[in-house]
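Trainee: Here's a structure for you.
Values quoted throughout were computed directly from the atomic coordinates according to the rules given, and no laboratory measurement underlies them. As the structure is a computational prediction, the values presented were derived from the model and not from experiment. Positions of Cβ are backbone-derived with ideal geometry, glycine not excepted, and every protein chain shown enters the neighbour counts.
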Amino acid sequence: MQKQRQALMMVLLLPFLYGCTNDRTLGDPKTDMKGSGDIGKMDSDADLPDMEKGLPQTTCQPACENGKVCKSDDLTCVDCLTDDQCPNAFCDSATNLCVDCLENTTCTIPTASTCQDGACAQCSNDSDCTHIEGLPRCEAGTCTVECESNDDCTRGICDQRPLTKNRCIEGPRDKGPCEVCTDDSDCKPDYLCNDYLAGSFCFKKVASSCGAPYSISSEGKSKNGVLARVCKPLQGIACDTLLANVKKKECMNDSQCPNKGVCPPTLNYCSYLCDPDNAGGDICNRGCDKAGYCL
């Protein structure tokens, strides 16, 4: 009788000792108890944070909000990790903040050409303007042209042609009046390279009047864009003709004198016609002889 009671007690205790399944079959004691008649319900750990699972944390907790992103090395929420996360801006890798610039080359406005603390600001010296084409000089916080006149150039002259944007250029600066030139830097100080007849020649700048043989005061722009009055030859006399006379180029006949110049037998050097009644006036460098040739 006592053995029968013990067997009955074992049958009654088996479900509690080993758990039961929905179909009342014995289950694995290691599994959760679920289904009708469950005494308790244990949640799965699949949705638990890594730390609660006992695993290393791999994402920011709580999750980043308001457009911020998770920085993996220290699991903090930051503004950006790459430039793609900064619309119309750049990501500063040191601060993980979106900024307007990282270096001067991204600041291309003349009034804000240098990058300071992630923002474009005014220039403080010429080196802050080197990346802005045609405006290499810093003046009063703004990148501007290198020169506006020759006085701005420590060497050479100020090239004011539109395509060169007011830059200082160097040249031999050794050519005088009526000598062929390509730009102002070829001419001596106070001379400009101007178009005349079929070429370009150096002529002296003048404030008021001119003297022989460059007697005509003519206003115009030089080859480098400088607007000024210069002294040119009278009556359209060609520069090579005039210089052959000024330099007393020796000749045997007229063919040895340039541009319709003449070789008077009384002079034996190149000359051109003049009016003896006014002694050459404004045409000749040394006056006019009685035969009507510039001495």
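Trainee: Determine the gain in length on full extension of the stretch Gln116-Ala94; use 0.36 nm per residue of separation and subtract their C-alpha separation, reporting nm with one decimal.
Mentor: Numbers: separation 22, 0.36 × 22 = 7.92 nm, distance 1.45 nm.
Additional length available on full extension: 6.5 nm.
Trainee: Now, a different point. I want to make sure I understand the PRE zone here: with the label point 7 angstrom from the Cα of Asp73 toward its beta carbon, which residues in region 92-120 have backbone N atoms less than 15 Å away?
Mentor: Under 15 Å, as judged by backbone N against the label point of Asp73, lie 92-97 of region 92-120.
Trainee: Packing-wise, with mean Cβ within 10 Å as the measure, how do 83-89, 191-197, 265-271 rank, highest first?
Mentor: Numbers: 83-89: 12.3, 191-197: 20.3, 265-271: 17.4.
Going from most to least packed, we get 191-197, 265-271, 83-89.
Trainee: Report the gain in length on full extension from Asn125 to Ser149: 0.36 nm times residue separation, minus Cα-Cα distance, nm rounded to one decimal. Display every interim value, and only then the final one.
Mentor: Working: separation 24, 0.36 × 24 = 8.64 nm, distance 2.02 nm.
The Asn125-Ser149 span can extend by a further 6.6 nm.
Trainee: Then there is this: Given axes a ≥ b ≥ c from the Cα gyration tensor, I'd like to know whether region 224-295 is rounded (a/c under 1.5), prolate (a/b larger than b/c) or oblate. List each step's numbers first, then the result.
Mentor: Values: a/c = 2.79, a/b = 1.50, b/c = 1.87.
Oblate.
Trainee: Follow-up. Quickly work out the Ser208-to-Thr106 label distance, labels modelled 7 Å from Cα along the C-beta direction, and quote it in nm with one decimal.
Mentor: The two pseudo-label positions are separated by 6.1 nm.
Trainee: Beyond a 29 Å Cα-Cα separation, which of these cross-linked pairs lie in this structure: Lys221/Lys290; Lys221/Lys248; Lys232/Lys260; Lys188/Lys247? Could you put the intermediate results ahead of the total?
Mentor: Working: Lys221/Lys290 39 Å; Lys221/Lys248 31 Å; Lys232/Lys260 18 Å; Lys188/Lys247 18 Å.
Over 29 Å apart, Cα to Cα: Lys221/Lys290; Lys221/Lys248.
Trainee: Loop-only trypsin sites (Lys or Arg not before Pro) in region 140-237, please: DSSP not H, G, I, E or B, and at most 10 other Cβ atoms within 10 Å. Kindly include the intermediate steps, with their values, before the conclusion.
Mentor: Values: sites: Arg155, Lys165, Arg167, Arg173, Lys175, Lys204, Lys205, Lys221, Lys223, Arg229; in loops: Arg155, Lys165, Arg173, Lys223.
Hits after loop and neighbour filter: Arg155.
Trainee: While we're on this one: Calculate the dipole size of region 176-295 relative to its Cα centre from +1 charges on Lys and Arg beta carbons and -1 charges on Asp and Glu beta carbons; express the result in debye to the nearest 20. The partial results should precede the final answer.
Mentor: Details: 13 positive and 14 negative charges, 30 e Å.
In total the dipole reaches around 140 debye.
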